2 protein chains.
Amino acid sequence: MTQAGRRPGGSGTRAAILAAAREQFADKGYGGASLRTIAAAAGVDPGLIRHFYGSKDDLFAAALEVPEEMAELMVRALTGHPDGLGERVLRAYLAVWEDPAMAGPLLAVVRSAVTSERAAERLRTLIGARLLAEVAPHLGPDGDVRAGITAAHLMGIAVSRYVFRVEPVASLDREVLIGVCAPVIQAYLTGPLGRN
Amino acid sequence: MTQAGRRPGGSGTRAAILAAAREQFADKGYGGASLRTIAAAAGVDPGLIRHFYGSKDDLFAAALEVPEEMAELMVRALTGHPDGLGERVLRAYLAVWEDPAMAGPLLAVVRSAVTSERAAERLRTLIGARLLAEVAPHLGPDGDVRAGITAAHLMGIAVSRYVFRVEPVASLDREVLIGVCAPVIQAYLTGPLGRN
DNA sequence: CATAGAATTCCACACGTGTAGAAGTCAACA
DNA sequence: TGTTGACTTCTACACGTGTGGAATTCTATG
């Protein structure tokens, strides 16, 4: 078809590959996305993936490089004034999942974590090393339990709403969701812990 | 190696295949488990899978046939007296996930639902058709929101604790977990809904 | 005892996968 | 203006996949 050889002008091929990879990994997971499919989506020869990124694993690692910024956002929301903490955290969390640029890599991590141990480890670090380590100390004793259970609840919301799309949570109005869950998040983070 | 032909005596081959399939699907998902791997785990020729179950899809469907019984348990816990509802539900839920016979198929559904649309649909039916349909009416108006958000929270706990094994929830003492979360489940199901 | 059918093994096909390397073409710098 | 190196294409390999079917041996039914 097309002739071999370099194309004239700067060709954002490398970026196109990464974008396509993020998309494919996000909705098929590591195992489901193939290099040939990714290359096709990027309108590019499969060999270029190898040329730019080496192996599939390396490409995958590159595709997951974004969510640091997301952890930053969450940490900022979590380490503010205790007033309105629950609502602020929940809003920041939902905002992350509704911004395609950040939700993509997140979906990729989650969709892949069920199969690839590398992705699972990445997810654990994302939650554990960043959120827990930086936030737990601000929450007094039992801070790790507070942060951990909060993370579990938030993950349940994201998985139900954005990954598996289970009704009625998937199509629940965002403000209603916030109205119902924010007080619980607030309580998990700052209220009395459990029944006493 | 072994001669072809039927073996003497009743050989629980069919059951062995199903058991191996459940195990493999549970920890690799639909895509990750291969017929040859399943056959090897069952100590059986791959051809037998086709002979007994037809296609991989059919085998998968058979492997997911168990969780009806689990939905039954949850519904029974949910439709009892409102006193101690939260704790009762949470205990039943954790019991299901800690019983290998039921957690296996559940893990298979969750691990596969990220890739196979069939598994995702199954998960939605499991939660939607059974739990929601039978339980929501007992919870008054907003019953579907109550049940849906409760399901989301529970799913978050299971996913964190049993699928991704995110700390500290993964190794949290069960009684502590119940102590912290049961009141919230109770509130989601029967308490005032959200801030007013 | 004969015969139909179930259980089991093996072989083969067509396809998709990740990886590898060879060869061609252009850009940038000396 | 040459030459180096980055970019691009194609072809190929070795392997694993789900599926299909032929051949063999046993059980069960008549």
Residues of segment A:105-115 satisfying the condition of being among the hydroxyl-bearing types (Ser, Thr, Tyr) and either out of contact with any helix residue (DSSP H, G or I) (no Cβ under 8 Å at 6 or more places or on another chain) or within 18 Å of A:Leu18 (Cβ to Cβ) (or both): A:Ser112
Check on B:Tyr53, in contact (Cβ under 8 Å) with a residue 12 or more places away in the chain and over 17 Å from the mean Cα position of the chain (by Cα): yes
Segment B:41-58, residues that are more than 9 Å from DNA strand C (Cβ to nearest atom) and more than 23 Å from B:Ser116 (Cα to Cα): B:Ala42
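Listed here are the residues, each with its yes/no results for (1) in contact with a Gly (Cβ under 8 Å, 6 or more places away or on another chain); (2) under 21 Å from B:Val176 (Cα atoms); (3) among the aromatic types (Phe, Trp, Tyr); (4) modelled with pLDDT of 90 or more.
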residue: A:Ala101; (1), (2), (3), (4): no, no, no, no
residue: A:Val110; (1), (2), (3), (4): no, no, no, yes
residue: A:Glu117; (1), (2), (3), (4): no, no, no, no
residue: A:Thr125; (1), (2), (3), (4): no, no, no, no
residue: A:Ala129; (1), (2), (3), (4): no, no, no, no
residue: A:Thr150; (1), (2), (3), (4): no, yes, no, yes
residue: A:Val163; (1), (2), (3), (4): no, no, no, yes
residue: A:Val166; (1), (2), (3), (4): yes, no, no, yes
residue: A:Val169; (1), (2), (3), (4): yes, no, no, yes
Any hit, segment B:186-193, residues being facing another protein chain (nearest Cβ under 9 Å) and closer than 30 Å to A:Gly128 by Cα: yes
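Residue-by-condition table, conditions (1) modelled with pLDDT under 95; (2) within 8 Å of DNA strand D (Cβ to nearest atom):
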| site | (1), (2) |
| --- | --- |
| B:Met1 | yes, no |
| B:Arg7 | yes, yes |
| B:Ile17 | no, no |
| B:Ser34 | no, yes |
| B:Ala61 | yes, no |
| B:Glu68 | yes, no |
Residue match in segment B:90-102 (condition: facing another protein chain (nearest Cβ under 10 Å), surrounded by 21 or more Cβ atoms within 10 Å (Cβ to Cβ), in contact (Cβ under 8 Å) with a residue 12 or more places away in the chain and out of contact with any strand residue (DSSP E or B) (no Cβ under 6 Å at 6 or more places or on another chain)): no
Residues satisfying the stated conditions in segment B:129-175, i.e. more than 8 Å from chain A (Cβ to nearest Cβ), part of a helix (DSSP H, G or I), farther than 21 Å from B:Ala103 by Cα and touching a residue at least 12 places away in the same chain (Cβ under 8 Å): B:Glu134, B:Val135, B:His138, B:Leu139, B:Arg146, B:Ala147
From the options A:Gly43, A:Gly29, A:Gly54, A:Gly84, residue that is on the phi > 0 side of the Ramachandran plot and crowded, with 20+ Cβ neighbours inside 10 Å: A:Gly29
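The values are calculated or read from the model by the stated rules, or taken from the named source; none is laboratory data. The model shown is predicted, which means the values in this text are computed figures rather than measured ones. All Cβ positions, glycine included, derive from the backbone under ideal geometry; neighbour counts span all protein chains shown.
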